[in-house]
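The values are calculated or read from the model by the stated rules, or taken from the named source; none is laboratory data. This one's a predicted model, so the numbers in the text were calculated from it and none came from an experiment. Heads up: the accessible areas ignore ligands, DNA and RNA and are worked out on the full protein's heavy atoms, side chains in. Shrake-Rupley method; radii C 1.70, N 1.55, O 1.52, S 1.80 Å.
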Amino acid sequence: MSTVSITTPSTDDPAFPASVPARESDAITGLGAQAGLERLPQRDLSPQELRDLAAAVAARRELWDGGLDFSGGERHYVSLYRDAHVDVWVLCWNPANDTGWHDHDISSGAVAVVEGSLVEHNLTIGRPPVSTEVGAGRVFSFGPDHIHRLTGQAPGTVSIHAYSPPLWRMGQYVIDDGGVLHRVSVSYADELRPLDDVPETPDTRAVPAAIPA
């Protein structure tokens, strides 16, 4: 497999895409007052409703504190809730953790950062990918058309992720030796590893994926 060069343009660049979910993040405080696991409607949720749900769960530490674990160095994740319409996870991150480029198939999603910070990377055509840091206390959401990559920015980062409908299949993106992009359908239950052993340099990344994210 080949590699993708990752660079980070300034968010002050006028060419920086305006429609980037992480750039449209909201403060967790004040959101989710009418949301919560005990108030879920018996239907799929919109991205905005998922944002409110992730914020509500993030504000209730007792729901996820027991699932925290940073001992292994790998991303650690625990399912907090799952029914026919929504699933919610808590994830633990370190700076070495990288999901790779992926989508969420038919699911919309939301990410609330509780502690530390994450970086959302957005794949672009004809220009370098764009990257946006999302710090503690911020939440963003996206639809099923969204493709992104998340990386840990700070040690001990904690995030809450909500999806609707619940994750079942996801798409992982890889580039072959001829530079052709491919989508590989994977199960939400798989903790994926890089698909090759290409060495990484400071400005070059292989294209792994991991889930949920």
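Taking a 1.4 Å probe, which of I106, I28 shows the most accessible area, and what order do the others take after it? It would help to have the intermediate numbers written out before the result.
On the way: I106 115, I28 20 Å².
My answer, sorted largest first, is I106, I28.
Taking only protein heavy atoms and a 1.4 Å probe, what accessible area per residue, in Å², does the stretch 6-157 have with all protein chains in place?
Counting only protein heavy atoms, the per-residue value for the stretch 6-157 is 44 Å².
How large is the accessible surface of E133 in square angstrom, using a 1.4 angstrom probe and rounding to the nearest 10?
110 Å²
Which of rounded, prolate or oblate describes the stretch 66-147 when judged by the alpha-carbon gyration tensor and an a/c cut-off of 1.5?
Oblate shape, in that a/c is at least 1.5 and b/c is the bigger or equal ratio.
Could you give me the ³J(HN,Hα) list for the stretch 33-48, computed from phi with Karplus coefficients 6.51, -1.76, 1.60 and θ = phi - 60°, whole Hz, x at Gly and Pro?
Running phi through 6.51 cos²θ - 1.76 cosθ + 1.60 with θ = phi - 60° gives 4, 9, 10, x, 4, 7, 10, 6, x, 8, 7, 5, 9, 7, x, 5 Hz.
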